[in-house]
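Here's the structure, in structure tokens; my notes come after.
The values are calculated or read from the model by the stated rules, or taken from the named source; none is laboratory data. Nothing here was measured: the structure is a model prediction, and the numbers come from that model. In this analysis, Cβ positions are derived from the backbone assuming ideal geometry, glycine residues included, and neighbour counts consider all displayed protein chains. Side chains included, ligands, DNA and RNA excluded: accessible areas come from the protein's heavy atoms. Shrake-Rupley method; radii C 1.70, N 1.55, O 1.52, S 1.80 Å.
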Amino acid sequence: MKYPLAIINKLIDVFAEPFLYGYDIKCAFHSVLQRSSLGPAVRDLGIEGVVPGFHGHAHNRLCQVQHHSKFTLGAGKEDFETCERTFSESNALAPEIRNSTEFHRHQALDEHFRFADQDKYAALSKFIAPVT
């Protein structure tokens, strides 16, 4: 669990204020985080974690009530699954780039994510000012 700890450490350095993080196994990670050298900073800043929306249903009911994003004050409508959706969309490229050269693989991935960024940016206008 060293990578999630390193990520939390970086987020503390960058934000230095309370924030919510989503992690598939937050219920297990919470105790590791509290026992780590980051524990005091996490408690002092009031940093909280949640189990992302999709993964929460795989946890038992008590875990869902305590850690699911749907039941966490301040989570809003965020489901904490953006990375899952992003990489799931990129899976469609696998059959096309499986036998391509390294250059063409990188080119296809770069083009895919560049288009996805532009698409999401264009969709922001519908989110910020919905068309009636």
Kindly indicate whether Ser88 is modelled with pLDDT of 85 or more, among the small types (Gly, Ala, Ser) and closer than 30 Å to Ala28 by Cβ.
-> yes
Matching option when the condition is more than 24 Å from Pro4 (Cα to Cα), under 17 Å from the mean Cα position of the chain (by Cα) and open to solvent by 40 Å² or more (accessible area, probe 1.4 Å), among Lys120, Lys70 = Lys120
Conditions (1) basic (Lys, Arg); (2) open to solvent by 50 Å² or more (accessible area, probe 1.4 Å); (3) in contact (Cβ under 8 Å) with a residue 24 or more places away in the chain; number of the one not met by Lys26 = (2)
For the range 87-110, name all the residues that are of a type outside the set (A, V, I, L, M, F, W, C), more than 22 Å from the chain's Cα centre (by Cα) and part of a helix (DSSP H, G or I).
-> Pro95, Glu96, Glu102, His104, Arg105, His106, Gln107
From the list Glu17, Glu48, Glu81, which residue is under 30 Å from Asp110 (Cα atoms), of a type in the set (D, E, K, R) and touching a residue at least 24 places away in the same chain (Cβ under 8 Å)?
-> Glu81
